[in-house]
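S.K.: First, the structure itself, so that you have it in front of you.
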Amino acid sequence: MIKASVIGATGYAGVELIRLLASHPKVELKNISSKSFEGEPINKIYGNLNKYSEKILTDENSALEDSDVVFASLPAGLSEEIAKKCFEKKILFIDLGADFRLSNEEDYKKWYKKDFKYHDIHKEAIYSIPEIIKYDNFYNKKDLKNAKIIGNPGCYPTSIGLALTPALVNKIIEKEDIIIDSKSGATGAGRELTLNTHFAECNEAFAPYKIAEHRHTPEIEQTLSNIYGEEIKITFVPHLLPINRGILSTIYAKLKNKNSLENIFNLYKDFYKNSKFVRILNIGNIANLKNVKYSNYCDISIHIDERTNKLIIVSAIDNMVKGAAGQAIQNMNIALGFEEDAGLNMIPPAF
C-alpha cells in the first residue's frame, strides 16, 4: 500500500480525491489538509464521508509526513513551494492547480499574473493527459513512470484535447479557425462563491463567460500545438450550465479534404482502441453529460456537416473526475506502475 495525502482537501476537487481514493486497492489515505478548516474533522464539512473518515484536517507541512504521493488542489501560485518540498523529500507530487500546466513562463505571467518561482523543478514536471502524452512533444508513459512532479490538466483542456487529438495527429483538419463551444457545471468554479455561481444567479440561467479570455486558453493551445507540430490558435467560449458537474464541448473544424463519417469514426476508434477511459460513440449517437457522471470516462461523438465540409466533435466528461481528481489518480497509477484504472472502475448511473 502506498500512502497518499491531499492538500486542499475541502475544495471540490480535494474532496473528490478523498472519495475516489477510498476505493483504491493500493492506496491508504494518510493526511489531509485545509487552511480554512484546520483542526476540524473532514466529515464535519462533508457529511458524505460519515463512517468512512473522521480524519482531522492539518496544516500543509504535516500533510507531507509519511507520504509517498501528495495531491494538491490549490489556486494558482500556491503549489510550487509544496512541490519543491516534495521533490526534496522524493515524494511524488501531483498538482491539480495551474502551476505546472504551462511550459512557457511568459504565458503563465500573462494569464495568471505570476512568475515561476523555482525554475529547476519546472524542468522536472510532466504535464499529462494520459491518453495523448505519447504523441509528438508529449512525454510517453514510460517517462511518466519516472515522474517526480505531474501537472494535472485542466477540465476544459482535457475534454478538448481528447476530442481533437486523433484529427490533429492524422492531419485531417485545418489548423485555422477551430471553434470550441464548451459548457461546464458550477463546480468548475470551485467552492469559493462568486456572484454568478449563487443559486439565484445561475438557476434557470445559461450564458457564456470569460469570452476569449479564459485562463485555460493557453493550455488548450499548448496541447493542440504539441500534437499538431505547429502553432494553433483557437476560438474558445465557455458557458456556465445550471448543473453541479460535467463539461460538454462542441468543436467545429474544417476538414482538409472530403472525408466520410465512417472513415473518421474508424480513425477515432483505432486511435483510442487501447484507452480504457475514452469511449467513441457509434455513428448516430451523441455524447451526453448524464452518461459520464461520477466516472472517469470521456465520451466522444463524431459528426460531419457535409454542406460546409466541417467536422463537428462532441465530448463529454465529468469535470470533477476525468477533469480533475480521477485523472490525477489515473496519472498516479501510471507513475507508480499500478493498473491504469485502479480505483476508477465506477460505472456512470443511468439517470
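The values are calculated or read from the model by the stated rules, or taken from the named source; none is laboratory data. Just so you know, these numbers come straight off a predicted model, no measurement behind them. Counting neighbours? That spans all protein chains shown, and the Cβs are built from the backbone with ideal geometry, glycine included.
S.K.: If you check every pair at least six apart or on different chains, which have Cβ atoms under 6 Å apart with a residue in the stretch 213-230 that is outside the structural domain of Lys110 (by TED's automatic domain parsing) first and a residue that is buried (at least 21 other Cβ atoms within 10 Å of the Cβ) and small (Gly, Ala, Ser) second?
M.R.: His216/Gly154; Glu219/Gly154; Thr223/Gly161
S.K.: OK, next. Name the pairs whose Cβ atoms lie under 6 Å apart, with the first residue in the stretch 250-276 and free of Cβ contacts under 8 Å to residues at least 40 places away in the same chain, the second crowded, with 16+ Cβ neighbours inside 10 Å, and 6 or more positions between them or separate chains?
M.R.: So the pair list comes out as Phe265/Ile302; Lys269/Ile280.
S.K.: Kindly indicate which of Lys35, Lys44 is out of contact with any His (no Cβ under 8 Å at 6 or more places or on another chain), assigned to a helix (DSSP H, G or I) and at pLDDT below 95.
M.R.: None of the others qualify; the one that does is Lys44.
S.K.: While we're here: For the stretch 230-252, how many residues are in contact with a Leu (Cβ under 6 Å, 6 or more places away or on another chain) and farther than 23 Å from Tyr297 by Cβ?
M.R.: Looking only at that region, the number is 1.
S.K.: Taking the stretch 138-192, which residues are aliphatic (A, V, I, L, M), part of a loop (DSSP other than H, G, I, E, B) and closer than 22 Å to Ile302 by Cβ?
M.R.: Ile172
S.K.: Among Tyr118, Tyr156, which is under 20 Å from Ser225 (Cβ atoms) and either in the same structural domain as Gly77 (by TED's automatic domain parsing) or in contact with a helix residue (DSSP H, G or I) (Cβ under 8 Å, 6 or more places away or on another chain) (or both)?
M.R.: On inspection, the qualifying residue turns out to be Tyr156.
S.K.: Collect the residues in the stretch 193-210 that are under 21 Å from Pro75 (Cα atoms) and either in contact (Cβ under 8 Å) with a residue 12 or more places away in the chain or assigned to a strand (DSSP E or B) (or both), keeping them in residue-number order.
M.R.: Selection gives Asn196, Thr197, Tyr209, Lys210.
S.K.: In the stretch 56-108, which residue that is touching a Phe, Trp or Tyr at 6+ places or on another chain (Cβ under 6 Å) and in a helix (DSSP H, G or I) is surrounded by the fewest Cβ atoms within 10 Å (Cβ to Cβ)?
M.R.: Glu105
S.K.: Sticking with this one: Restrict the check to the stretch 195-204 and report whether at least one residue is buried (at least 21 other Cβ atoms within 10 Å of the Cβ) and assigned by TED's automatic domain parsing to the domain that holds Ala287.
M.R.: No, there is no match, as no residue in the stretch 195-204 is buried (at least 21 other Cβ atoms within 10 Å of the Cβ) and assigned by TED's automatic domain parsing to the domain that holds Ala287.
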